[in-house]
Amino acid sequence: MGMPISLALRGRHTDDAAARVAWAAALAELREADQVFSTYREDSCVSRLRRGEIGLEDCPAEVAEVLALGEAAERESAGAFSVWLPGPDGRPVLDPSGVVKGWATERAAEHLRALPDTDSCLSAGGDMTCTTADPAGRPWRIGIEDPADPSRVLAVVPVLSGAVATSGTAHRGAHLVDARTGRAPDGVASVTVVAERLTWADIDATAAYAAGAEAAHWLETRPGRSGLVVWADGTTTVVQPVLP
């Protein structure tokens, strides 16, 4: 999927056969997701679906699952997030990347969570899903970078078991758009979301970023989410979790 993948382990299985087997299984899960969902591979199911060569019924069941998540996210974001984005000619083009990254990483992390008495933190392109075997154990400390200066950390989030995802343009340029307009949003530099699962942390970070000036307001409506919105002028807004 064109992104760096890294893993940190603590506890009983950190550098042994069990750890290596789990790591290999996690990478295999991500490679399989790339083969099915990549918009850069001409032979992927999603690319063939986009070209009309196959139908949804010809794809693995996971494709329907991802598209259903995308439909739910579109409804809940009032259209700011969508797996259908305006193409060069203005017509919508299927691009489930905004769902797949977090969804696939979360699935891959299940192989690591199965390691007994072992804490894990799997990072995919900077989005992380963490688990701590002992609920009273030491949390992972996840840094939130300054989008204007990625070498600077704006805040540190302690996470026992949960996920942290950030959407912004500091590393990949202006690739995020409001699906309603096809244009990059104004006023927001990055959005970080902390949630129980990476699938929705990643979706909500992208949706909030796409909402532009409404990013913090929209994120405040999301049950169980917390986060940090960094505005284009360098100011920040902390979003506290709303109980479900």
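Only the coordinates and a few stated rules stand behind these numbers; no lab work does. No experiment lies behind these values; they were computed from the predicted model shown. Quick reminder, even Gly has a Cβ in these numbers, built from the backbone with ideal geometry, and neighbours come from all protein chains shown.
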Notebook entry, point to check: Mind listing which trypsin sites (Lys or Arg not before Pro) in the stretch 39-93 are in a DSSP loop and have 13 or fewer other Cβ atoms within 10 Å?
Noted result: Arg51
Note to self: What does the C-alpha gyration tensor say about the overall shape of the chain? Classify as rounded when a/c is under 1.5, otherwise prolate if a/b is larger than b/c, or oblate.
What the structure shows: oblate
Note to self: What whole-number volume per residue, in cubic angstrom, does the convex hull of the C-alpha atoms of the stretch 76-179 give?
What the structure shows: 126 Å³
Margin query: Please compute the Kirkwood hydrodynamic radius of the stretch 15-131 from all pairs of different C-alpha atoms, in Å with one decimal.
Written below: 15.6 Å
Notebook entry, point to check: Amide H neighbours of Val157 under 5 Å, counting only residues 5+ apart in sequence or on other chains, H built in-plane at 1.01 Å?
Noted result: Ile142, Gly143, Ile144
Next item on the list: Based on the mean of other Cβ atoms within 10 Å per residue, sort peptides 4-13, 187-196 so the most packed one is first.
Entry: 187-196, 4-13
Next item on the list: Could you pull out the trypsin sites (Lys or Arg not before Pro) across the stretch 140-195 that fall in loop regions by DSSP (anything but H, G, I, E, B) with no more than 12 other Cβ atoms inside 10 Å?
Entry: Arg172
Next item on the list: Provide the per-residue ³J(HN,Hα) series for the stretch 82-92, in order, calculated from phi with Karplus coefficients 6.51, -1.76, 1.60 and θ = phi - 60°, each as a whole number of Hz, with x at glycine and proline positions.
Entry: 7, 8, 10, 10, x, x, x, 9, x, 7, x
Note to self: Contact order normalised by length for the stretch 7-135, with contacts defined as Cα pairs under 8 Å and 6 or more residues apart; what percent is it?
What the structure shows: 32 percent
Next item on the list: Tell me which residues come under 5 Å, amide H to amide H, from Ser82 once H is placed; ignore anything under 5 positions away on its chain.
Entry: Ala179
Next item on the list: Select from Asp134, Asp16, Asp204 the residue whose mean-square fluctuation is largest in a Gaussian network model of the chain (Cα-Cα springs shorter than 10 Å).
Entry: Asp16
Next item on the list: Write out the GluC sites (Glu not before Pro) in the stretch 42-151 meeting two conditions: DSSP loop, and at most 10 other Cβ atoms within 10 Å of their Cβ.
Entry: Glu42, Glu53
Check: So how do Ile142, Ile203 line up by other beta-carbon neighbours within 10 Å, fewest first?
Finding: Ile142, Ile203
Checklist line | Summed side-chain charge close to Ser44 - residues other than Ser44 whose Cβ falls under 14 Å, Lys, Arg +1, Asp, Glu -1 | finding: -3
